[in-house]
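Below is one structure, written out as C-alpha cells; the observations come after it.
The values are calculated or read from the model by the stated rules, or taken from the named source; none is laboratory data. Computed from a prediction, not measured in an experiment: that's the story for all the values here. Cβ sites come from the backbone with ideal geometry, for glycine too, and all protein chains shown count toward neighbours. The protein model used for the area step is the full one, side chains on, heavy atoms only, and it has no ligands, DNA or RNA in it. Shrake-Rupley method; radii C 1.70, N 1.55, O 1.52, S 1.80 Å.
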Amino acid sequence: MSAQMATSPVVTRIAPSPTGDPHIGTAYQALFNAVFARQHGGKFVVRLEDTDRSRYNAASEGRILDMLDWLGGVWDGLKSDASPRKEDEFGPYIQSKRAELHRTYAEQLLESGAAYRAFDTPEELDERRKAAEARKDSFLGYDRRDRSLSREESERRAENGEAFVIRLAAPTEGQTVVRDRLRGDVVFNNAELDDKVLLKRDGFPTYHLAAMVDDHLMGVTHVIRAEEWLTSTPVHKLILQGLGWNEPEWIHTPWLLSKGGKKYSKRRGDPSVEDFRKMGILPEALLNYLGMMGWSMPSGEDGAAQEVFSPAEMVEHFTWERVSLGGSTFDLDKLRWLNGKYIREVLSLDDVTQRLHAFGTEQGYTEGIANNAYFHAVAAMMLPRFETLAEFWEKTPYFFTEDYSINDKAAKLIADGRELLPKLQATLTALPDFAHDTTDAALRGLAETEGLKAGKVMQPLRAAIAGTSESPGLFEMLEALGKERVLRRLERVMEGQ
C-alpha cells in the first residue's frame, strides 16, 4: 500500500462513520468542506471511517454515498474528487482497508516514545473506572499505570502473546494550544488530557490515529468538522507532532441544534437525510437550508440577508467571518417553508411535475399514472397547496383513484346537502362540456334558483368528488376530472346514502 502524500493548495474532507442512516450533520459538513474547496480550486475528499467495528453497519456505507450522490445531483461541486466510489492513488478511502498502514505509524509512535503499550483487560479498566467514580475523582481517564513499564518488559509481554493496546503518551504538565480558524487559540491543560487508545486490541486503529494518518497522507490542508471534535484536537495535534508532521488548519463549525436546544442527533430521533428525502424535501432546498446554519449570505439592498441561494452563490460569497459560533437550531417548519419556495418560485412547473412523478413512483403513490397533460394540470392546480413532494401525494388521491376516502368534515357537508345532490347531478348532466366557465355559470345558476349562497351548492359537490373540503378551485377540478368521472362519483355518493 502506497504512503504517497497528496499535494494540492486546498484539500478538504468529510469522514463519516457507517453506523446507521446518513446523519444531517454529514450533509452539513460536506457542504462547508465542498464550498471551501471549490472556492480555492482545491480537492474535496470523502473517506469512510469504519474503524469502530462494534457499531459498523455494512449497508450504511452505501447509504452515505448514495446520500451524497443525491445531493451532488443538484450541485456538481458536492461530487467528491476522491471517494470509495472514485478511488485515486491516495486511497483506498475506506479506513479499514488502510489498517496495515495505520499499524505501521502506531509502531513508529511506540518506537519514538510518543506512545506505549497498555496490557489492561477491559474488565480491569471497568473496575478501576467505577472505583474512580465512587471516589469522585476529577480525572476519569486512563490511570497510566502501564506507562511506567520499561521498554524491555513491554516488549517481553507483547512477544509472549499478551493482548495490549497502544496508547498516546500525552504530556501531563503544561498546556497544549490549538489554533482554530473560528475561535483563535484554544488552550487545553495537559493534566486533563487522557492517554487515548491509538491501536486497539484487535489491531484496528481508533479514529484518532487513523484520521490523522489519513489526513496527512491524503494531503488534507483544512480539517473542517463539527464543534464536538474540538476537545479531541489536542490529542490529534500530539499525534501529528509525534510523527513529525505539520498540522492542518483546524476549523470547527458550530453545532446543529434541535428545537429543544440540544445537539441535533439521530440517536434522539432527529430526522436523518433519508427521512427528509422521504418527506419530499428537495436536495436544493436542503443544501440551501444547511448553508443558512451558522452562516449567512451578505445582506441585500433591503438590509436583510438573502435566504434563497444556490451552493454556487455560497461559493462566491463564502467567508469564515460570516460564521456565527452560537449554534443553529434546525427548524423543520423553516425547511418546509424554504422547500415550498423552491417548488413555487425557483423551479419551473415542468421540473416540479417531473420530480413529483419520480417521487411518487419511487414511494409507490403513482401506480398506473402516466406523466401526461392531466398530471401536469393537477400539479399546476396544487402548486400553492403543498410544501413537500410527499404532501402533494397525500393531498391528491381523488385525482388518481376512485378508492379515495371521505373525511368526517366532507361527510357532514354531503349529509347536509343531500337534497341538493340529485339537482347537482341533473344540472351537470345537462352541460355540453365541463369547461371552467360552463360549470361556473351552471352552478351559480342552480344556487340562485334554490335561493342559496353559491357555497352551499359547491361545498357538498366538492366533498362528494374529492372526499375533502380542502382542494383546488372547484371549477378547475371539475374540468380536470371530467364529466364522466364527476357524475360517476356523484352517483356513488347518492347510492351510499
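Consider region 255-295 and keep the residues that are open to solvent by 40 Å² or more (accessible area, probe 1.4 Å) and farther than 20 Å from residue 336 by Cβ. The one that is modelled with the highest pLDDT is 255. Any residue in region 319-338 that is within 25 Å of residue 375 (Cβ to Cβ), touching a Ser or Thr at 6+ places or on another chain (Cβ under 9 Å) and among the aliphatic types (A, V, I, L, M)? No, there is no match, as no residue in region 319-338 is within 25 Å of residue 375 (Cβ to Cβ), touching a Ser or Thr at 6+ places or on another chain (Cβ under 9 Å) and among the aliphatic types (A, V, I, L, M). In region 120-179, the qualifying residues are those that are outside any loop (DSSP other than H, G, I, E, B), of a type in the set (Gly, Ala, Ser) and without any contact (Cβ under 8 Å) to a residue 24 or more places away in the chain, and the one that is most open to solvent (accessible area, probe 1.4 Å) is 148. For residue 107, state whether it is closer than 22 Å to residue 237 by Cβ, open to solvent by 60 Å² or more (accessible area, probe 1.4 Å) and acidic (Asp, Glu). Considered against the rule, which asks whether it is closer than 22 Å to residue 237 by Cβ, open to solvent by 60 Å² or more (accessible area, probe 1.4 Å) and acidic (Asp, Glu), residue 107 comes out as yes. Among the residues of region 110-119, just one is open to solvent by 40 Å² or more (accessible area, probe 1.4 Å) and either touching a helix residue (DSSP H, G or I) at 6+ places or on another chain (Cβ under 6 Å) or in contact (Cβ under 8 Å) with a residue 60 or more places away in the chain (or both), namely 112. Would region 348-359 turn up any residue that is touching a residue at least 40 places away in the same chain (Cβ under 8 Å), surrounded by fewer than 16 Cβ atoms within 10 Å (Cβ to Cβ) and assigned to a helix (DSSP H, G or I)? No; the residues of region 348-359 include none that is touching a residue at least 40 places away in the same chain (Cβ under 8 Å), surrounded by fewer than 16 Cβ atoms within 10 Å (Cβ to Cβ) and assigned to a helix (DSSP H, G or I). When restricted to residues that are under 39 Å from the mean Cα position of the chain (by Cα) and either within 17 Å of residue 407 (Cα to Cα) or assigned to a helix (DSSP H, G or I) (or both), region 473-497 contains 5. In a strand (DSSP E or B) and touching a residue at least 60 places away in the same chain (Cβ under 8 Å): does that describe residue 186? No; evaluated as a whole, the condition is false for this residue. If residue 54 passes every condition in (1) exposed (fewer than 14 other Cβ atoms within 10 Å of the Cβ); (2) at pLDDT below 95; (3) more than 17 Å from residue 203 (Cβ to Cβ) but one, which one does it miss? (3) is the only condition that residue 54 fails.
Take the conditions (1) touching a residue at least 60 places away in the same chain (Cβ under 8 Å); (2) closer than 29 Å to residue 35 by Cβ; (3) open to solvent by 20 Å² or more (accessible area, probe 1.4 Å); (4) of a type in the set (S, T, N, Q); residue 363 misses just one of them, which is (2).
Within region 289-306, can one find any residue that is touching a residue at least 24 places away in the same chain (Cβ under 8 Å) and of a type in the set (D, E, K, R)? No, region 289-306 has no match at all. Only one of the numbered conditions (1) out of contact with any Gly (no Cβ under 7 Å at 6 or more places or on another chain); (2) open to solvent by 60 Å² or more (accessible area, probe 1.4 Å); (3) at negative phi is violated by residue 405, and that is (1).
Among the residues of region 486-497, those that are of a type outside the set (Gly, Ala, Ser) and surrounded by fewer than 16 Cβ atoms within 10 Å (Cβ to Cβ) comprise 488, 491, 492, 494, 495, 497. Among the listed residues 134, 158, which satisfies the condition of being over 30 Å from residue 255 (Cβ atoms) and modelled with pLDDT of 95 or more? The unique qualifying residue is 158.
Each residue in region 401-421 was checked for being in a helix (DSSP H, G or I) and under 13 Å from residue 486 (Cα atoms), and 1 pass.
Of 38, 98, 85, 47, all but one fail to be of a type in the set (Lys, Arg), within 24 Å of the chain's Cα centre (by Cα), modelled with pLDDT of 95 or more and open to solvent by less than 30 Å² (accessible area, probe 1.4 Å); the exception is 47.
Only residues that are assigned to a loop (DSSP other than H, G, I, E, B) and basic (Lys, Arg) were counted across region 445-472, and they come to 1. Taking the residues in region 191-241 that are in a helix (DSSP H, G or I) and hydroxyl-bearing (Ser, Thr, Tyr) as candidates, determine which candidate is surrounded by the fewest Cβ atoms within 10 Å (Cβ to Cβ). Restricting to residues being in a helix (DSSP H, G or I) and hydroxyl-bearing (Ser, Thr, Tyr), the top hit is 231. Filtered by the rule that a residue be assigned to a helix (DSSP H, G or I) and over 20 Å from residue 214 (Cβ atoms), region 11-61 gives 24, 27, 28, 31, 35, 38, 39, 58, 59. In region 454-470, the count of residues that are under 38 Å from the mean Cα position of the chain (by Cα) and among the β-branched types (Val, Ile, Thr) is one or more. Hey, any hits in region 376-393 for a residue that's free of Cβ contacts under 8 Å to residues at least 24 places away in the same chain and either of a type in the set (Asp, Glu) or assigned to a helix (DSSP H, G or I) (or both)? There is no residue in region 376-393 that is free of Cβ contacts under 8 Å to residues at least 24 places away in the same chain and either of a type in the set (Asp, Glu) or assigned to a helix (DSSP H, G or I) (or both). Residue 70 meets each of the listed conditions (1) closer than 27 Å to residue 346 by Cα; (2) not in a helix (DSSP H, G or I) apart from (2). Of all residues in region 424-440, those that are of a type in the set (Gly, Ala, Ser) and open to solvent by less than 70 Å² (accessible area, probe 1.4 Å) total 2.
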